[in-house]
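Read through the structure below, which is laid out as structure tokens, and then see the notes.
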Amino acid sequence: MKTGLVYDPIYLEHDTGDHVENSRRLVEAISYLKETGIKEKLTCLSPRPASLEELETIHAPAYISYVKSKAESGGGWLDPDTVISPKSYEAALYAAGGVLVAAEAVMKGKVDNAFALVRPPGHHAVQDQAMGFCIFNNVAIAAKFALSKFKLNHVLIADFDVHHGNGTQDAFYADPQVLYFSTHQYPFYPGTGWMDETGTGEGEGTTVNFPMAAGWGDEECLRAFNEVLVPVARRFQPQLILVSAGFDAHWADHLANMKVTITGFAQMAMILKELAAELCQGRLVFTLEGGYNLRVVAHSIKAVFGVLLGNSEIDDPLGKAPPTRTPERFDEHIEAIKRIHHL
Ligand SMILES: [Zn+2]
């Protein structure tokens, strides 16, 4: 397998100071990929800036120019969670463009699959507003790009970040060409993503939310993938799978309360890889969203690259969460979601 890595030092120039979403997330991940010999097995893909036209498939022109002028005037807060620095606009253009480069390389067969290690992340960004550390919605822009540039009809976006990707859901809520599937802690930031949010109009049924209770982990996420994502994807028949990969559902991540392990993330990646092989010639593009425990992020990224490259062993030095109460009522919960989506 040929696996692409999108990365560029421009992503470190989005300077957020001591914010949890900071450049060390990528610095440590890249250095761990080097240290473990994974990086030399990857095909490096250089990002480009997304064009205004590409950004405008998702974002309002006035919002884009607001971000640009705010960065040029020295930066500051775009929303109560999202801070920018003078170079953040440029970094954000390259973050969106990085996922486009990854998607294009996969669509053209230059690589079999790819992972774009970009920041700022994207899945909370809505049409006219930054939210939750996100400026431009990288994965949503990539889905629009793939649909138009390669004349696709069906793109699947799977999102296993612990937070609901409200921006991505919004972008495609009425769009039958993009199926958005998300597992996320609920109730939790940003407040959206209950199971009854299923799309509207022609997009009815192509939004699939799998809310998770605090304390749930690998077993619940893997059942959500195997019993909901897999059949929904088979019915939808995507021609490309994009993944919003956040690693903040890990038990050692302090921003949330789920109990996923590095092994769990790798197993989810495996399911996605098998789905892509079965449904769309293996076309699979990961992009980094959240994940704030630096060790978890570095090890999880390495584990996902291992899966993409076809390695079967998973290295999980952090192991499982210390035992707590047994998760309850999962069976009823998954049955309700299956009923809503006629599975
Ligand atoms: Zn998150």
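Among rounded, prolate and oblate, which fits region 205-343 when a ≥ b ≥ c are the square roots of the eigenvalues of its C-alpha gyration tensor, a/c under 1.5 means rounded, and a/b larger than b/c means prolate?
Details: a/c = 1.94, a/b = 1.10, b/c = 1.76.
It comes out oblate by the Cα gyration axes.
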Worksheet item: Going highest first, how would you order 277-286, 146-155 by mean Cβ packing within 10 Å?
Response: 277-286, 146-155
Item to complete: Using a cut-off of under 17 Å, list every residue of region 307-324 whose amide N is near the label point 7 Å from the Cα of residue 36 along the Cα-to-beta-carbon line.
Response: 307-320
Worksheet item: Membrane-span-like helices in the chain: DSSP H runs reaching 24 Å or more (Cα, own axis), mean Kyte hydropathy at least -1.0?
Response: 88-107, 262-279
Response to the item:
By accessible area (1.4 Å), largest first, 21, 197 order as 197, 21
Discussion item. Can you give the Rg/Rh ratio of region 256-325, where Rg is from the C-alpha atoms and Rh is the Kirkwood radius?
Written reply: 1.00
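Take peptides 160-173, 255-268, 300-313, 42-55 and line them up by average Cβ neighbours within 10 Å, highest first, as a rough protection proxy.
Details: 160-173: 26.0, 255-268: 23.8, 300-313: 20.1, 42-55: 17.1.
Ranking the peptides 160-173, 255-268, 300-313, 42-55 by packing returns 160-173, 255-268, 300-313, 42-55.
Based on the alpha-carbon gyration tensor of region 20-67 and its eigenvalue square roots a ≥ b ≥ c, which shape applies: rounded if a/c is under 1.5, prolate if not and a/b is larger than b/c, or oblate?
Details: a/c = 5.05, a/b = 2.08, b/c = 2.44.
Oblate.
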Item to complete: Please give, to one decimal in nm, the separation of the simple spin-label points placed at residue 149 and residue 340, each 7 Å out from Cα toward the Cβ.
Response: 3.3 nm
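Which pairs in the list 151/273; 2/41; 39/87 are over 19 Å apart, alpha-carbon to alpha-carbon?
Details: 151/273 22 Å; 2/41 8 Å; 39/87 26 Å.
Violating the 19 Å Cα-Cα cut-off are 151/273; 39/87.
Quick one: of the DSSP bridges fully inside the chain, what percent are antiparallel, nearest 5? Intermediate values should be presented prior to the final figure.
On the way: 5 of 39 bridges.
Close to 15 percent.
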Fill in: Rh by Kirkwood over Cα pairs, then Stokes-Einstein D for the chain at 1.567 mPa s and 4 °C, µm²/s
66 µm²/s
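Size of the dipole of region 192-343 about the Cα centre, Lys and Arg at +1 and Asp and Glu at -1 on the beta carbon, nothing else charged, in debye to 20? Provide the component values of the computation, followed by the final result.
Working: 13 positive and 20 negative charges, 53 e Å.
With only Lys, Arg, Asp and Glu charged at Cβ, the dipole is about 260 debye.
Determine the per residue accessible area of region 1-157 with all protein chains present and a 1.4 angstrom probe, expressed in square angstrom. Walk me through the intermediate numbers first.
On the way: 6130 Å² over 157 residues.
Here the per-residue accessible area is 39 Å².
Looking only at Cα atoms, what is the convex hull volume of region 1-157 per residue, in Å³?
Values: hull volume 16.3 nm³, N = 157.
Value for region 1-157: 104 Å³ per residue.
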Worksheet, complete the sentence: Computed over the Cα atoms of region 69-114, the Rg and Dmax in Å are 14.9, 41
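The values are calculated or read from the model by the stated rules, or taken from the named source; none is laboratory data. Everything quoted here is computed from the prediction, not taken from an experiment. Note that each Cβ is placed from the backbone with ideal geometry, even for glycine, and that neighbours are counted across all protein chains shown. Ligands, DNA and RNA are stripped out before the accessible areas are found, and what is left, the full protein with its side chains, is counted by its heavy atoms. Shrake-Rupley method; radii C 1.70, N 1.55, O 1.52, S 1.80 Å.
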